[in-house]
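Q: My questions will all concern the structure given below.
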Amino acid sequence: MLDTKKMVFTAMLIALGVVLPVAFHSVPDAGRVFLPMHIPVLLCGILCGFPYGLVCGIITPLLSSLVNGRPQGAMLPSMLCELAAYGGVAALLMHLVRTKNTYVRIYASLVGAMLAGRIVYGIVNAVLFRMGDYSLQGWMTSSFVTALPGIAIQLVLIPALLFAFERAGIMRLRD
């Protein structure tokens, strides 16, 4: 059954995922370095669960591409799959990881989703979009080395935001 509060929160996170990258794209390659679109999708997966996180991961890059022109053509399919994996896997892991320690649940969900999304991104690029041109080194560089500042921001900011939302009574983290 659909939950109105989760639907509204998902819509707000999609909007944030469309607007937030605009500020970063004024600086060359800042989007690839700081990964601003990833934050709302990961938040949605952890806070709202499945299927909301998955839907947020699909709609956010699609709507951003239509409204802002980013991600552009060839990048859109791989980002769409990557972000769908982030939202969906974060939601599933938050549900499946059973421990009383909320920090462990959040970080297991967050890190697991981040790894799954990057693997999906690499597979989609290698198999469908850059046949023969995509290497393991290219994937490692774009997914981990270039994105290191964004990964660090996600690992610090997302748990802080999640606990702030819970303290404010906006969403619950504990089942």
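The values are calculated or read from the model by the stated rules, or taken from the named source; none is laboratory data. Source: prediction; values computed, not measured. Positions of Cβ are generated from backbone atoms using ideal geometry, with glycine treated the same way; all protein chains shown enter the neighbour counts.
Q: Among the listed residues VAL27, VAL33, VAL67, which satisfies the condition of being in contact with a Ser or Thr (Cβ under 7 Å, 6 or more places away or on another chain) and either crowded, with 21+ Cβ neighbours inside 10 Å or of a type outside the set (D, E, K, R) (or both)?
A: Just one listed residue meets the conditions, VAL33.
Q: Look at TYR103 and say whether it is surrounded by fewer than 16 Cβ atoms within 10 Å (Cβ to Cβ), out of contact with any strand residue (DSSP E or B) (no Cβ under 8 Å at 6 or more places or on another chain) and modelled with pLDDT under 95.
A: Yes; evaluated as a whole, the condition is true for this residue.
Q: Name every residue in the range 161-175 that is closer than 19 Å to LEU93 by Cβ and either of a type in the set (A, V, I, L, M) or modelled with pLDDT of 95 or more (or both), in order of residue number.
A: LEU161, LEU162, MET171, LEU173
Q: Kindly establish whether ILE46 is in contact with a Cys (Cβ under 8 Å, 6 or more places away or on another chain) and on the phi < 0 side of the Ramachandran plot.
A: When the stated conditions are applied, ILE46 does not pass them.
Q: A further question follows. If a residue has to be in contact (Cβ under 8 Å) with a residue 40 or more places away in the chain and either among the hydroxyl-bearing types (Ser, Thr, Tyr) or in a loop (DSSP other than H, G, I, E, B) (or both) to count, how many in the range 90-127 make the cut?
A: Looking only at that region, the number is 5.
Q: Sort out which residues of the range 5-24 are crowded, with 16+ Cβ neighbours inside 10 Å and either touching a strand residue (DSSP E or B) at 6+ places or on another chain (Cβ under 6 Å) or among the basic types (Lys, Arg) (or both), and write them in order of number.
A: Once the filter is applied, which keeps residues that are crowded, with 16+ Cβ neighbours inside 10 Å and either touching a strand residue (DSSP E or B) at 6+ places or on another chain (Cβ under 6 Å) or among the basic types (Lys, Arg) (or both), the range 5-24 yields only LYS6.
Q: OK, next. Can you find a residue that is surrounded by fewer than 16 Cβ atoms within 10 Å (Cβ to Cβ), closer than 30 Å to PRO28 by Cα and under 14 Å from the mean Cα position of the chain (by Cα) anywhere in the range 116-124?
A: Yes, some residue in the range 116-124 is surrounded by fewer than 16 Cβ atoms within 10 Å (Cβ to Cβ), closer than 30 Å to PRO28 by Cα and under 14 Å from the mean Cα position of the chain (by Cα).
Q: While we're looking at this one, here's another question. Picking from SER143, SER78, which residue would you name as being in contact with a Phe, Trp or Tyr (Cβ under 8 Å, 6 or more places away or on another chain) and without any contact (Cβ under 8 Å) to a residue 40 or more places away in the chain?
A: After ruling out the rest, the residue left standing is SER143.
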